[in-house]
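The values are calculated or read from the model by the stated rules, or taken from the named source; none is laboratory data. Note that the structure is a prediction, hence the values are computed from the model and not measured. Every residue, glycine as well, gets a Cβ built from its backbone with ideal geometry; the counts of neighbours run over all protein chains shown. To get the accessible areas, we keep the full protein, side chains included, count just its heavy atoms, and leave off ligands, DNA and RNA. Shrake-Rupley method; radii C 1.70, N 1.55, O 1.52, S 1.80 Å.
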Amino acid sequence: MSLADFVQLFTWPLLALCGAAIAAPITGAFLVSRGTSFHGIALPQVAACGVAVGFALFPYASRMTWTVAGADDHGHIHGVGDPSHLYLGACATILVIAALVLFEAKRAQSSDGDKSAVVAATFAVASGGSALAAQLSPLGGLHVDALLSGETLSTGPWDAVLLGVVALGTALLTWRTWRRLTLAGLDPDYAVASGGKPRRSNLALHAMTATVVISGSLTVGALPMFALLVIPAMALRRRAGSMAGYLRAAPLLGLMGATLGAGLAFQFDLSMDASVVAGCAIVGLVARLIPRF
Amino acid sequence: MTDRQAAFVQGPRILGLSLQDATLGYGKRAVLSGVNLDVPRGAFVSVTGVSGAGKSTFLRAAAGLLPPLRGSIQRGTRSVAWVPQADSLGALHPVSAMEVAAGASRNTERARAALESLGLKDEVRSRFSRLSGGQRQRVLVARALVIDTDFIVFDEPTSALDDESSALVRAAAARRKAEGATILYATHQPNEVADLETLRLSVAGGGVSLSDAQSALKTP
């Protein structure tokens, strides 16, 4: 396949990936700064679990009788009515919000070690829940697994538009509120004393995180979201001399990682999701060599 | 209205700070009880007491960070410039000195001027976590000069500073006092602000006592 054919075939998945590569590293920069990098791993898995649970519960939710067709040429099994992205998004949203509420409650009550343990345990439960729910799904685990890992060929224009809107919204919200979001994590006492509302800022950050994680997990898949949320922000944190510079550089590195990942997928005929992780890891390592900025 | 907001009442403008029959503490544990005091607007109050006596509890309550378990707290201003010890800030944030000094404000020129007044002209763009302890503390004092309020709480701002840095911090506090700000200044060495203090608040034995600075100076 030529590069032109590759780009033509994967136009919408690549555009969706660009949206995720802008939105996720910006969100990740706040998560890493606050010492909550584990959220970047746990939340996409929780969203994936929500999607899998949505598949498993769909026959009951829609009150319809399922007739499962045979596998298609790609090995995927399709029923007469696939659950809509809206329904799956709602399922993922419920679980992601529940996880965020749990993390926030533990943040106020527990020591740092306990908080990390809660997030790690959430990841473990979500991973097991995703596998079980996928097996219980009348569509079969293969179909669910394909969606969770970012079934790139099924990513259409609406997915790209969704990720584009999310990326734009994330960039705008950050541009307008990054000082308050930063202060709420850096020095919440000062924020309260000076008449600010750090809880409102934290809520805005949680909403941004949930939106990015859910939309990204539903389109490009959970695996690229793990990488895009954590690796660019982690790689740049020690190089950045200011929060403003950090927030500008993180999406640039995310885009470079996603581009490299897509290039690896094209060159070696690899799956896009794992290639994006590899691309992020490579540019993350290279970023450690750049001068401080 | 939240409990925290309900616990603090904005008093008349002539008032600096007033606590009436206040019990201060954490959860159900009272650290200071029966606190009654009135601090007039524009006073410079040095807050003294041995470690663990409850100075930080009092300061946090005065700054609006700790609702009283009982009683009431009134302040003349809604917002407070809180100057904590520098090591209390989140160390992972890659923030510059300028960004810390500006806080949530977009007024970077004012932050730059405050940093320069505290001898940090060459460190404006430096990363906060790479500054020395004394420089970081001065950045936090600069932040208190940027915010638009007449109530400032210093929590042992010079405890980790050299003489030169301490003098710059005291000069900044003196400037704000001259502008009419009410200042609470916690210190283990009250003599360092003997020329500034108008009242001295001693925290000991689960309570506080407020005395005129001149009479406090005469006390052996």
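What about residue B:166, is it surrounded by fewer than 24 Cβ atoms within 10 Å (Cβ to Cβ) and either without any contact (Cβ under 8 Å) to a residue 40 or more places away in the chain or within 13 Å of another protein chain (Cβ to nearest Cβ) (or both)?
So residue B:166 passes the test.
Can you tell me which of (1) more than 17 Å from residue A:185 (Cβ to Cβ); (2) in contact with a Ser or Thr (Cβ under 8 Å, 6 or more places away or on another chain); (3) at the interface with chain A (Cβ under 9 Å from one of its Cβ atoms) is the one residue B:106 doesn't meet?
Only one criterion is unmet by residue B:106, namely (2).
Picking from A:194, A:201, which residue would you name as being open to solvent by 10 Å² or more (accessible area, probe 1.4 Å), closer than 18 Å to residue A:101 by Cα, in contact with a Gly (Cβ under 9 Å, 6 or more places away or on another chain) and within 13 Å of chain B (Cβ to nearest Cβ)?
Answer to the selection: A:201.
Helices (runs of 4 or more DSSP H) wholly in region B:51-128 with at least 2 residues that are open to solvent by less than 40 Å² (accessible area, probe 1.4 Å) and closer than 28 Å to residue A:26 by Cβ - which ones?
So the answer is B:97-102, B:108-117.
Out of region A:245-276, which residues are buried (at least 18 other Cβ atoms within 10 Å of the Cβ) and of a type in the set (Val, Ile, Thr)?
Correct list: A:276 only.
List the residue pairs whose Cβ atoms are under 6 Å apart, where the first residue sits in region A:240-253 and is within 17 Å of residue B:124 (Cβ to Cβ), the second is surrounded by fewer than 24 Cβ atoms within 10 Å (Cβ to Cβ) and among the hydrophobic types (A, V, I, L, M, F, W, C), and the two are 6 or more positions apart or on different chains.
Close Cβ pairs (under 6 Å, with a partner that is surrounded by fewer than 24 Cβ atoms within 10 Å (Cβ to Cβ) and among the hydrophobic types (A, V, I, L, M, F, W, C)) amount to A:245/A:293.
Cβ-Cβ under 8 Å, sequence separation 6+ or interchain: first residue in region B:171-183 and without any contact (Cβ under 8 Å) to a residue 40 or more places away in the chain, partner surrounded by fewer than 22 Cβ atoms within 10 Å (Cβ to Cβ) and among the acidic types (Asp, Glu). Which pairs?
If the second residue must be surrounded by fewer than 22 Cβ atoms within 10 Å (Cβ to Cβ) and among the acidic types (Asp, Glu), the pairs left are B:179/B:150.
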